[in-house]
Amino acid sequence: MTIDCVDMYVKQEPSLAILKQKWSKTLIGASPLTGGLTNQCWKVTTQCGRHYVWRPRSFSTETLSISRPHEYQILTALQQADFTPKVEALFPEGLLVEWIDGVTLCDVSKGDNLDLVMKSLSDLHQYPWIIEPHSKIKEFDYRACIMAYWASLPEQARTPIQTQRFERLYIESESLLQQTMVLEGACLCHFDLGDYNIIQKPNAALVIIDWEYAALSNPIIDITTSILAGQFDIDESLKSYSKNCNINLKSWTELVQRWVPFLRFMALLWHQVSLCLHERASDRKAIEILDNQLKADGF
């Protein structure tokens, strides 16, 4: 990846100019990063040759209810962990974090990505994170999440079948959440922990990136999102996870299976909102796949 002068990209990302003015370090270069679906992030370089990732606020982050200050609080609570990037600075315009040298797991063809994703999940779920004074780490609220996505959709996207799904899953989610919380308490969850968000460093250590959806929640829900993202087998995933966590496989498997349609619908709404924002072919394809899967699930 080549590093280009910051001024070349200011028209594309005006916040880079503000970062250049406000940051105490001298910013000399920036280059756009590929792969992010929520909004464009940037690799930035200082005069001393250090690299960082600039994660700006944008219309997309606001529409998708993403808060850079909350992401900052999550990472601050995990700053002693070796599986997260270090926080550099928070500005009203965005978040600066450490650049991690390495490759994403999705680019490493070793066939053991399921085990590595589940190991990363178990490390996170068991980590003794520290809440800083006055921090307000939010709890994941399924109902509020799908309600926010639903409210962002244009009227033509709220089809009869989508309305029926929304009403049914909104109502039934509360009972399912209560049953899930009885089995296992809350912990820090990532909610987008796929192999595309894990960097393998040159020494083989794993670092989890992109914490914008992280929140307090139940690990069963977090595992389900990773299973869906990676298209992993449920039984194999939970057996792998259980190598590092003492869980009741039968009960966890049942609850993961029950959460699948709820989280598929949440993902479908996310892609519908994203399609309205970006008109990407990848969102259209994801919507088609998720819609067919929900129909197969009986929704």
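The values are calculated or read from the model by the stated rules, or taken from the named source; none is laboratory data. Here the structure is a predicted model, which is why all the values come from computation and not from measurement. When we count neighbours, we look across all protein chains shown, and the Cβ atoms used for this are built from the backbone with ideal geometry, even at glycine.
Structure notes:
- Only one of I146, I171 that is farther than 30 Å from P14 by Cα, touching a residue at least 24 places away in the same chain (Cβ under 8 Å) and either surrounded by fewer than 17 Cβ atoms within 10 Å (Cβ to Cβ) or assigned by TED's automatic domain parsing to the domain that holds I209 (or both): I146
- Unmet criterion (only one of (1) closer than 25 Å to L183 by Cβ; (2) free of Cβ contacts under 8 Å to residues at least 40 places away in the same chain; (3) surrounded by 20 or more Cβ atoms within 10 Å (Cβ to Cβ)) for K250: (3)
- Strands (runs of 3 or more DSSP E) enclosed by segment 21-95 - at least 2 residues per element that are polar (S, T, N, Q): 42-46
- Which numbered condition D235 fails, given (1) out of contact with any Phe, Trp or Tyr (no Cβ under 7 Å at 6 or more places or on another chain); (2) touching a residue at least 24 places away in the same chain (Cβ under 8 Å): (2)
- Hits in segment 206-223 - residues which are in contact with a helix residue (DSSP H, G or I) (Cβ under 7 Å, 6 or more places away or on another chain) and either under 25 Å from K136 (Cβ atoms) or surrounded by 23 or more Cβ atoms within 10 Å (Cβ to Cβ) (or both): I208, I209, D210, W211, E212, A214, N218, P219, I220, I221, D222, I223
- Check on S122, more than 21 Å from Q293 (Cβ to Cβ), of a type outside the set (K, R) and assigned to a helix (DSSP H, G or I): yes
- The number of residues in segment 139-160 being of a type in the set (D, E) and more than 12 Å from S173 (Cα to Cα) comes to 2.
- Residues of segment 253-275 satisfying the condition of being surrounded by fewer than 19 Cβ atoms within 10 Å (Cβ to Cβ), free of Cβ contacts under 8 Å to residues at least 24 places away in the same chain and closer than 14 Å to I289 by Cβ: L275
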